[in-house]
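Colleague: Before I ask anything, here is the structure I am working with.
The values are calculated or read from the model by the stated rules, or taken from the named source; none is laboratory data. Just so it is clear, the model here is predicted, and its values are computed rather than measured. Here Cβ is always computed from backbone atoms with ideal geometry, including for glycine, and neighbour counts include all displayed protein chains. When the accessible area is computed, the model is the full protein with side chains, heavy atoms only, and any ligands, DNA or RNA have been set aside. Shrake-Rupley method; radii C 1.70, N 1.55, O 1.52, S 1.80 Å.
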Amino acid sequence: MNWIFKRVRQFYRALTAEISVDDEKYIMAHLNAREQKLFFAMSEIDQYHSLRVAYTIERLVIQGKQGIDREFLIRCALLHDIGKADYKLTIRKKIFTVLVTTFAPKIADELELKGDQSIYIYRNHAGIGAQKLQRLGLFEEAKLIARHHSPPRDDDSRELKLLRLADDEN
């Protein structure tokens, strides 16, 4: 039930997504011009989601996570979904993709093999985004973002755990 509630909330946020002037100031305060270009290439829905992840990171770091590079983690939060930027999907297609990969993974596999871009991007956007960041010389960010949808491991950094938590909350 919790998963359904989170997805309904996510759908509502997607329908009402809007980047405010204050949000733009926040983005400009935390990303340089090249990073902003990557951020603003995402759909407004993905921009809004990434902002919410960054704001959640701020809350989590304030709640006593010592030894965390706050600026690094905010930058990663804002850029964690840039791998989706070249593949603008409608809300309807995003919903279908999430549902089919969650509830019918074998059908999703078949669709991906037949060339369904939405399934491919949903499953691989972290790696695609990491490659974009590497081209900008953001190797540490790329390393973190490449793994943010990977299964948890014992040696995961605190930053990776926080990024996953914040992404999952949003």
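Colleague: I'd like the full set of residues that are open to solvent by 20 Å² or more (accessible area, probe 1.4 Å) and under 15 Å from the mean Cα position of the chain (by Cα), limited to the range 130-154.
Modeller: Once the filter is applied, which keeps residues that are open to solvent by 20 Å² or more (accessible area, probe 1.4 Å) and under 15 Å from the mean Cα position of the chain (by Cα), the range 130-154 yields Gln131, Lys132, Lys143, Ala146, Arg147, His149, Ser150.
Colleague: Answer yes or no as to whether Tyr48 is out of contact with any Pro (no Cβ under 9 Å at 6 or more places or on another chain) and touching a residue at least 24 places away in the same chain (Cβ under 8 Å).
Modeller: Criteria met by Tyr48.
Colleague: Next question. Take Leu89 and decide whether it is among the hydrophobic types (A, V, I, L, M, F, W, C) and over 15 Å from Ser157 (Cα atoms).
Modeller: Taking the combined requirement at face value, the residue satisfies it.
Colleague: Can you tell me which residue is surrounded by the fewest Cβ atoms within 10 Å (Cβ to Cβ) among those in the range 14-38 that are closer than 16 Å to Glu141 by Cβ and in contact (Cβ under 8 Å) with a residue 40 or more places away in the chain?
Modeller: Of everything passing the filter in the range 14-38, Arg34 is surrounded by the fewest Cβ atoms within 10 Å (Cβ to Cβ).
Colleague: Determine whether the range 40-61 contains at least one residue that is open to solvent by less than 10 Å² (accessible area, probe 1.4 Å), hydroxyl-bearing (Ser, Thr, Tyr), out of contact with any strand residue (DSSP E or B) (no Cβ under 6 Å at 6 or more places or on another chain) and modelled with pLDDT of 95 or more.
Modeller: yes
Colleague: Also, quick follow-up: Does Tyr87 satisfy the condition of being aromatic (Phe, Trp, Tyr) and in contact (Cβ under 8 Å) with a residue 12 or more places away in the chain?
Modeller: Taking the combined requirement at face value, the residue satisfies it.
Colleague: A further question on this structure: Going by what's in this entry, would Asp86 be described as out of contact with any Phe, Trp or Tyr (no Cβ under 8 Å at 6 or more places or on another chain), acidic (Asp, Glu) and either exposed (fewer than 13 other Cβ atoms within 10 Å of the Cβ) or under 14 Å from Leu38 (Cα atoms) (or both)?
Modeller: Yes, satisfied.
Colleague: Assuming Asp81 fulfils every condition listed in (1) open to solvent by less than 50 Å² (accessible area, probe 1.4 Å); (2) of a type in the set (Asp, Glu); (3) without any contact (Cβ under 8 Å) to a residue 40 or more places away in the chain apart from one, which condition is it?
Modeller: Failing condition for Asp81: (3).
Colleague: How many residues are open to solvent by less than 70 Å² (accessible area, probe 1.4 Å) and either out of contact with any Phe, Trp or Tyr (no Cβ under 8 Å at 6 or more places or on another chain) or closer than 22 Å to Phe39 by Cα (or both) if we restrict to the range 110-129?
Modeller: 12
Colleague: Hey, can you tell me all the residues within the range 104-113 that are closer than 22 Å to Ile45 by Cβ and over 21 Å from the mean Cα position of the chain (by Cα)?
Modeller: Leu111, the sole residue that qualifies.
Colleague: Taking Lys94 as the residue in question, decide whether it is more than 22 Å from Ser150 (Cβ to Cβ) and among the basic types (Lys, Arg).
Modeller: No; evaluated as a whole, the condition is false for this residue.
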